[in-house]
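Let me begin by handing over the structure; questions about it come next.
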């Protein structure tokens, strides 16, 4: 087998080999951020005289491209380009011009003779706020940018997508009175292959290595792919600065949907991922065509896990694709169950996105290196070099593996198989760095996960919840006191994120001061957190959000009146409620929720709670949440290690028990706005009452998963 990114057997047997990559990398592996452009256009765009007549040109010399192309053809190396080292200090070597509308502009051209396209890797990107960088070809027919200070990584590097032709102009503009900063190029990728067909119109191609993808592929907009229009948006081509590239896909995870995890083949990995460029939606707009838009790019990622003997690698992109890219995070199935049909979506030979089908059940085998594989014979379409890492979907449109070995031509797809490494085999491993589960499902409870569209109109579940806290409960009024809201320190933004609570699809909620001015039964008592959890895996949160608790027990949105909404599909969920210093509660079974608000009263016994009578305390004919958890460990202790009583004493000073403090504190168990260790209304006695009132060594645990 040959590496799908580095080479292919000259006799086209159709088998790939994952080989150790011994290329000399000419740039250090740092971090890079997305190369999302900030708008605008280069100076005088559309004017022929916008470039200086004495524009400095830095020539990057290397092996003659014709000789190199011949070498690649002989070795079967399917690279799109070669990386060449250079040292260019833009601010020193460029030509400066004062602009009529203020500020100054520096221009310098980088030339690599014979290239069909160029990309740059900046070794220094330390430009001031307000400065902008554009890159464009010498004929001023194509540009990318503006890029700003925010496009740099913490280590100060930046890599760009490709520009057509063999010369790129760097235009650097700074406002009046702003220092120039530092902007340096450390290497250039000389494009040998016109991957994006720039030359089709301009005739700029200087060589043609001859490896366009085969004519029997299916474009992803063809009718045969109609059912796969969501999944295709998860797949991206990536180009490495050393001139190689592969295919991979965004995948969903259970903890933070929309986190940009990128699943690919390990044999496509070299440690320069901080300067890889990921091309999204490089698709032909027509069923017959080999060109498409190449302007939706992101730069840089960090490796999260990989394993040679599973041939998988999981990256996390530095930035999530924005809404304009219409990203989709593919679902997955780690069960290892045999699929009844299989589909691969890929970029063969750097071509526009293709789709390939096997309508028969896949079979299992183990390759020569011990990798567990799915064997596929394609019924429509084929795979070729650079398809490596492309996701293998089952009949339910969930990822079950990725393309690893085997390629066909248009005449042998029924006899030459493709091997796809199994997703299920990569789930477990000896550590987080060699397996998938820690990243895609940290609880390790989900066998099958559907895909996720972060910018689709969300399905919603609505909930009217009702709970009572024992600490501030007033039996004379039959409701809770609402003293905290008048404190100057009462937080207008939910306090739970700052306490370390990990929100899912929520967090950061804020309330307007006017909402806190409401009196009576609807007065705001405090912030709470409401969770929706999986029915059969109640330790896994599906969605959370902070909300406001009213004196009459109603839990409302931050406007003080509305029901709570969660961006999840209607269905059955366990409902949990948290408070800062009361023990949390959760329903014993699922509650059916829909887009219409469902009333769930957790205080009157109509909804069973996990733990039964141990979950709450009976008071005034209600079930009320248990106070005293000042240390937030879900256990109330009056004595012993990590007890909650000492936390109250420490809050009032630690030495004079008659002291008290006013403010919004965890140790304020009765929520009256003051922390007291002794005297009337003290917070210490509440802890003793919670553990039983007579045996101080008793404890009270939350009945919570």
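For the condition within 15 Å of residue 358 (Cβ to Cβ) and either surrounded by fewer than 23 Cβ atoms within 10 Å (Cβ to Cβ) or not assigned by TED's automatic domain parsing to the domain that holds residue 233 (or both), what is the one hit in 414, 431, 424?
Every option except 414 fails the conditions.
Filter segment 565-579 down to residues that are modelled with pLDDT under 95 and buried (at least 18 other Cβ atoms within 10 Å of the Cβ) and give me whichever is farthest from the chain's Cα centre (by Cα).
Taking the candidates together, the pick is 566.
Just give me the residues in segment 348-372 being within 28 Å of residue 258 (Cα to Cα) and either modelled with pLDDT of 95 or more or in contact with a helix residue (DSSP H, G or I) (Cβ under 7 Å, 6 or more places away or on another chain) (or both), in sequence order.
Of everything in segment 348-372, those that are within 28 Å of residue 258 (Cα to Cα) and either modelled with pLDDT of 95 or more or in contact with a helix residue (DSSP H, G or I) (Cβ under 7 Å, 6 or more places away or on another chain) (or both) turn out to be 353, 354, 355, 356, 357.
Please work out which one of (1) under 30 Å from residue 606 (Cα atoms); (2) loosely packed, with under 15 Cβ neighbours inside 10 Å; (3) modelled with pLDDT of 95 or more is the condition residue 459 fails and give its number.
Going through (1) under 30 Å from residue 606 (Cα atoms); (2) loosely packed, with under 15 Cβ neighbours inside 10 Å; (3) modelled with pLDDT of 95 or more one by one, residue 459 breaks only (3).
Answer yes or no as to whether residue 449 is under 30 Å from residue 400 (Cβ atoms), touching a residue at least 40 places away in the same chain (Cβ under 8 Å) and in contact with a strand residue (DSSP E or B) (Cβ under 9 Å, 6 or more places away or on another chain).
Yes; evaluated as a whole, the condition is true for this residue.
Is it true that residue 605 is part of a loop (DSSP other than H, G, I, E, B) and farther than 15 Å from residue 687 by Cα?
On the way: part of a loop (DSSP other than H, G, I, E, B): yes; farther than 15 Å from residue 687 by Cα: yes.
Yes, satisfied.
Of all residues in segment 186-197 being within 29 Å of the chain's Cα centre (by Cα) and modelled with pLDDT of 90 or more, which is surrounded by the fewest Cβ atoms within 10 Å (Cβ to Cβ)?
Restricting to residues being within 29 Å of the chain's Cα centre (by Cα) and modelled with pLDDT of 90 or more, the top hit is 186.
Can you give me the number of residues within segment 334-366 that are buried (at least 19 other Cβ atoms within 10 Å of the Cβ) and part of a loop (DSSP other than H, G, I, E, B)?
Going through segment 334-366 one residue at a time, the tally reaches 7.
Here's a follow-up. Name the residues in segment 266-319 that are farther than 14 Å from residue 250 by Cβ, part of a loop (DSSP other than H, G, I, E, B) and touching a helix residue (DSSP H, G or I) at 6+ places or on another chain (Cβ under 8 Å), would you?
Within segment 266-319, 283, 287, 291, 300, 311 meet the criteria.
Could I ask something else about it? Restricting the search to segment 418-443, which residues are out of contact with any strand residue (DSSP E or B) (no Cβ under 8 Å at 6 or more places or on another chain) and closer than 26 Å to residue 362 by Cα?
Hits for segment 418-443 are 427, 428, 437.
Can residue 675 be described as surrounded by 15 or more Cβ atoms within 10 Å (Cβ to Cβ) and within 30 Å of residue 458 (Cβ to Cβ)?
For residue 675, the condition - surrounded by 15 or more Cβ atoms within 10 Å (Cβ to Cβ) and within 30 Å of residue 458 (Cβ to Cβ) - is not met.
Residues of segment 492-533 being surrounded by 12 or more Cβ atoms within 10 Å (Cβ to Cβ), touching a residue at least 40 places away in the same chain (Cβ under 8 Å) and not in a loop (DSSP other than H, G, I, E, B), which ones?
515, 521, 524, 525, 526, 527, 528, 529, 530, 531, 532, 533 - these are the residues of segment 492-533 that are surrounded by 12 or more Cβ atoms within 10 Å (Cβ to Cβ), touching a residue at least 40 places away in the same chain (Cβ under 8 Å) and not in a loop (DSSP other than H, G, I, E, B).
To continue, here is another question. Quick check: is even one residue across segment 223-233 under 16 Å from the mean Cα position of the chain (by Cα), touching a residue at least 40 places away in the same chain (Cβ under 8 Å) and assigned to a strand (DSSP E or B)?
no
Now a separate question. Taking the stated definitions as given, is residue 518 over 31 Å from the mean Cα position of the chain (by Cα) and at negative phi?
Yes: the conditions hold for residue 518.
List the number of the failed condition for residue 617; all other conditions in (1) at pLDDT below 95; (2) surrounded by 17 or more Cβ atoms within 10 Å (Cβ to Cβ) hold.
Unmet condition: (1).
Taking segment 676-704 only, how many residues are touching a residue at least 24 places away in the same chain (Cβ under 8 Å), under 20 Å from residue 623 (Cα atoms) and part of a loop (DSSP other than H, G, I, E, B)?
4
Which count do you get for residues in segment 332-355 that are under 20 Å from the mean Cα position of the chain (by Cα) and within 21 Å of residue 238 (Cβ to Cβ)?
Count: 1.
Regarding segment 651-664, can at least one residue be identified that is assigned to a helix (DSSP H, G or I), crowded, with 20+ Cβ neighbours inside 10 Å and not assigned by TED's automatic domain parsing to the domain that holds residue 478?
yes
Could you say which residue among 622, 645 is in contact (Cβ under 8 Å) with a residue 60 or more places away in the chain and more than 38 Å from the chain's Cα centre (by Cα)?
Numbers: 645 fails: in contact (Cβ under 8 Å) with a residue 60 or more places away in the chain.
Answer to the selection: 622.
The values are calculated or read from the model by the stated rules, or taken from the named source; none is laboratory data. Quick caveat, the model's predicted, so the values are computed rather than measured. Every residue, glycine as well, gets a Cβ built from its backbone with ideal geometry; the counts of neighbours run over all protein chains shown.
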